[in-house]
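Enquirer: Sending over a structure as C-alpha cells; questions will come in a sec.
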Amino acid sequence: MLTYGSDSSSQDCVIDLPAGTCENTQELEEYIPESTKKLNSIAELISRGEKVDRDTHDWMLSQVDFLVETVGNESLELNDELRSSLLQLLLAIANLNEEIRHHASLSL
C-alpha cells in the first residue's frame, strides 16, 4: 500500500492500483477509506482558509480518472455496495473541487 505524503508526486495514489487493471475488490475496499481520509484532510485545509497546492489538486483529479475507469470496467464485478461507495467518493471529490474553485475565485 502506498500512502500519499505531502512530498509525493501528483502521480501517487493512496494505494498502488493501476487504473483499469484491478481484479481484486478487496483492494478497492481498502482504497475507499484511505482516499476518504485524504479528502477529509484536504477539506480541513479549505475550512481553515488555506490554499490547496497543485500536487494535491492533481492527486484529486487523478483519483477521478481512476474512479471513472474502475466503475466503467465491465470485466470488474463490483457489488452494489462497493459501486455505491466508489460513486460517493467520486461525488465527494467533485464537491471538494467546487469548494477549491469557489475559494480560488474569492481570493482574486
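Computed from the coordinates by the stated procedures, all read-outs in this text should not be read as laboratory data. Computed from a predicted structure; not experimentally measured. Every residue, glycine among them, receives a Cβ derived from its backbone with ideal geometry; neighbour counts consider all protein chains shown.
Enquirer: Mean separation of Cα pairs under 8 Å and 6+ residues apart, divided by the residue count of segment 25-106: what relative contact order is that in percent?
Expert: Relative CO of segment 25-106 lands at 43 percent.
Enquirer: Would you work out the charge dipole size for segment 25-106 about its Cα centre, treating the Cβ of every Lys and Arg as +1 and the Cβ of every Asp and Glu as -1, and quote it to the nearest 20 debye? Mind showing how you got there, number by number?
Expert: Working: 7 positive and 17 negative charges, 101 e Å.
Value, rounded to 20: 480 debye.
Enquirer: Going toward the positive end of the dipole of segment 25-106, with +1 on Lys and Arg Cβ and -1 on Asp and Glu Cβ, which of 59, 102, 32 do you reach last?
Expert: 102
Enquirer: Given a Förster distance of 22 angstrom, what is the FRET efficiency for residue 65 paired with residue 102, based on the Cβ-Cβ distance and rounded to 0.05?
Expert: 0.45
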